[in-house]
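The values are calculated or read from the model by the stated rules, or taken from the named source; none is laboratory data. Since we're looking at a predicted model, the values are computed, not measured. Cβ atoms come from the backbone with ideal geometry, glycine included; neighbour counts cover every protein chain shown.
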Amino acid sequence: MFKDSLSSLWIVLISIFLSSPAFSTSSQVSPSQCQSKRVKLQILGSRGPELLDEQASTGYLIWLDNKARVIIDAGAGSLQRFKQSKANFEDVELFLFSHFHVDHSSDFPAYIKGAFFTKRSKPLFVYGPTGTKFVASAEQFVERAIGSQAGMYPYLGNVLDKNSPSAYKIKSANIQWSYSDLTIKIIYNQNGILVKTVSTHHGPFPSQGYRVELAGCSITFSGDMSGRLGAMPELAKNTDIFVAHNAIPEDATGVAALLHMTPTTIGKIAQRANVKNLLLTHLMERSINIKDETLKLIKKTYHGAVSFPNDLDSFNP
C-alpha cells in the first residue's frame, strides 16, 4: 500500500511539472529565438560633438522587460533624453563606454549626481577601453571625474571609496585595447545580459565595439571607428540591430577618414555580418545633409533595412 501511495505521489508531481508554463512546449522559446517584445533599443543621442542642432551627442539605452538595463555612452545632452525616456536609473546595471571623447562621456558625472536622488542600491558596473597619452582609461576616467582625492567632483567620491558610506558602489574595469589582439571577449554575463566586445580602430584613440545579447536578441554598436582592424563583421554577425556611426561622407580624407567609416565601409560590414537592421547615428554636419547619397552607397552592398534615427526613437530587434 505504501508503494502504491508513493507511485501516485510521483505521478501527481510529474503531471504538475509537465503542465507548468516553464516546461510547456507551447510557451517555451528557443534560446536562439529573439523575444523581440521583451527588448528595446532607445536612442539617447544621435549626433557627434558639433553644436549642430537640438539632438544630443552619442548615447543609447537598452531596455529588457520594460526596465532600463544598459547605457552605452553618455554624450552631452543624453542624460536629458534618459529623463525623457521615463527610465529609472536604479534599474541600470552597467555603463559601456566605446571610448572617452567628450561627445561620448561628458554626461557621466551628471548621471552619478542624479543617482543620489534615486533609490539605487545595487552596484553600477562601468566598462571601457584602456587609455593612452591622449585619453584616460575607464578606471582613470571614473576616478578623475568623481574620485574623492583628485576628481573634478570629489564630493561624489563616496560611491568609489570602499570606506565611505553610500547607497551603492561603482565598479569600473578596463578592457585591454589592442591593434593586434582582435579576440572577441565576454566582459559581462549576469541577470540575462551578455556583453561581448572587440577592439576597434579610431585613429590613436582606444575604442571598443560592443554586442549586447539578451532574451535571444542581439544589438551591436560600432562606436566611432574607421573599420581598419576588420573585426566588426564577426562581432556583428547575424545581429538583430547594428548601430553604426555615420560621421563622414564617402570622399572624406585626412583625420576624418582616419577616425570614421565611410558609407561604403558601413555597407560592406553590414553585408558581411548579415545584419538584420542597420541604424545610422552620430551624424555630423558633413554627413547629415547627404542621407540619400549615403543610403545609395550603402545599398550597393547591403540590402537590409536602414534607418537614420533621432533622439528618443525606439526599436525592437
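The table that follows gives values for the structure above.
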{"item": "Pairs, first on the phi < 0 side of the Ramachandran plot and of a type in the set (D, E, K, R) in segment 97-114, second surrounded by fewer than 23 Cβ atoms within 10 Å (Cβ to Cβ) and modelled with pLDDT of 95 or more, C-beta under 7 Å, six or more apart", "result": "103/49; 103/76; 107/76; 113/156"}
{"item": "Filtered residues of segment 181-225 (kept if within 20 Å of residue 135 (Cα to Cα), part of a strand (DSSP E or B) and not aromatic (Phe, Trp, Tyr))", "result": "197, 198, 199, 200, 202, 204, 207, 208, 209"}
{"item": "Matching residues, segment 199-234, being acidic (Asp, Glu) and over 20 Å from residue 280 (Cβ atoms)", "result": "213, 234"}
{"item": "Leading residue by the ranking (farthest from residue 268 (Cα to Cα)) among those in segment 226-257 that are in a loop (DSSP other than H, G, I, E, B) and without any contact (Cβ under 8 Å) to a residue 12 or more places away in the chain", "result": "253"}
{"item": "Enumeration of residues in segment 66-85 that are closer than 20 Å to residue 123 by Cβ and assigned to a loop (DSSP other than H, G, I, E, B)", "result": "none"}
{"item": "Any chance residue 293 is surrounded by fewer than 17 Cβ atoms within 10 Å (Cβ to Cβ), assigned to a helix (DSSP H, G or I) and touching a residue at least 40 places away in the same chain (Cβ under 8 Å)", "result": "yes"}
{"item": "Qualifying residue in segment 126-137 (condition: in a helix (DSSP H, G or I) and either at pLDDT 95 or above or closer than 21 Å to residue 69 by Cβ (or both))", "result": "no"}
{"item": "Subset of segment 86-110 that is in contact with a strand residue (DSSP E or B) (Cβ under 6 Å, 6 or more places away or on another chain) and assigned to a helix (DSSP H, G or I) - its residue that is surrounded by the fewest Cβ atoms within 10 Å (Cβ to Cβ)", "result": "91"}
{"item": "Residues of segment 296-317 satisfying the condition of being within 19 Å of residue 45 (Cβ to Cβ) and surrounded by 18 or more Cβ atoms within 10 Å (Cβ to Cβ)", "result": "309, 311, 315"}
{"item": "Residues satisfying the stated conditions in segment 295-309, i.e. under 30 Å from residue 102 (Cβ atoms) and touching a strand residue (DSSP E or B) at 6+ places or on another chain (Cβ under 7 Å)", "result": "295, 298, 306, 307, 308, 309"}
